[in-house]
Amino acid sequence: MRNAMCIGAAVVFLAGSGWVAGADVIEPGAPATVVYYLRSGSTEREGCFPPDLGDGTCGCPVRGGFDLRGTFRVAVNAPTTGSQMYTVTSAHLRVPAIGRTFDGDGRYQSSNVAPPSGRLDLNMTFDRTGEVVRWNSDSSGVVSSPVVRATLVSAPACFNMVLTIRATSLLSDWNADGQVTVGDLFLFLKEWFAGDGDADDNGATTVQDLFTFLRAWMGAA
Ligand SMILES: [Ca+2]
Ligand SMILES: [Ca+2]
């Protein structure tokens, strides 16, 4: 009941504020550095992925599918023939279920030619140990600006972590498909009620996230 009252209050507040839902548009002259938000479908898996050493010395279960959340910042570099390079900074990712964190930076490259593809490379420490690990994706990720999709693996080793990235520059694009629709609203509310609605990415799901999301959604941001 309390949550329902909060939603009602938020909708009334926003309706009175004059915000109007709009289409997903990336305006020319957008800020040079854009924040990307990891959303539903972003996961972390870890364990001993095949092929292992083949002698049983690297046998361990793969666990995960844990939700991966957080943000990174993207800056556009000068275009090159056939591709566009971006600088990635301030990557702060976390796995709330197991308390794991990833921090670092890197680069993103998208192809200018069909079929669409992209590659994400991040150098990150995990759990603030200070050890820098390089995570790379292959180039088969589907790219549909303003979305970044990639599956990252660390350097070949017995034990590995796989990071699936579904990131969007639109705060209210909750399913990270590059568009803001009513489906994002329903998905956000479903996940917010389930405790996974950290729209402002401060590490906790609260009533403030409801207002933050609705404000962005009605402004199509
Ligand atoms: Ca969407
Ligand atoms: Ca929050």
Subset of region 163-200 [more than 10 Å from ligand 1 (Cβ to nearest atom) and under 30 Å from Phe49 (Cβ atoms)]: Leu163, Thr164, Ile165, Arg166, Ala167, Glu191, Ala194, Gly195, Asp196, Asp198
Selected residue (criterion: farthest from ligand 2 (Cβ to nearest atom)) from residues of region 159-172 that are in a loop (DSSP other than H, G, I, E, B) and polar (S, T, N, Q): Ser169
Failed item, numbered, when Gly203 is tested on (1) of a type outside the set (Asp, Glu); (2) away from ligand 1 (no atom under 11 Å from the Cβ); (3) modelled with pLDDT of 90 or more: (3)
Extreme residue, modelled with the lowest pLDDT, among residues of region 168-190 that are buried (at least 19 other Cβ atoms within 10 Å of the Cβ) and of a type in the set (D, E, K, R): Asp177
Which numbered condition Ala97 misses (of (1) buried (at least 16 other Cβ atoms within 10 Å of the Cβ); (2) under 18 Å from Leu163 (Cβ atoms); (3) in contact with a Phe, Trp or Tyr (Cβ under 8 Å, 6 or more places away or on another chain)): (1)
Among residues of region 173-218, those that are in contact (Cβ under 8 Å) with a residue 24 or more places away in the chain, of a type in the set (Val, Ile, Thr) and either closer than 17 Å to Pro146 by Cβ or away from ligand 2 (no atom under 14 Å from the Cβ) (or both), counted: 1
Candidate set: region 198-208, residues that are more than 18 Å from Leu93 (Cβ to Cβ) and either in contact with an Asp or Glu (Cβ under 9 Å, 6 or more places away or on another chain) or among the basic types (Lys, Arg) (or both); chosen: the one surrounded by the most Cβ atoms within 10 Å (Cβ to Cβ): Thr206
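The values are calculated or read from the model by the stated rules, or taken from the named source; none is laboratory data. For clarity, every value in this text was computed on a predicted model and none was experimentally measured. We place every Cβ from the backbone using ideal geometry, glycine too, and count neighbours over all the protein chains shown.
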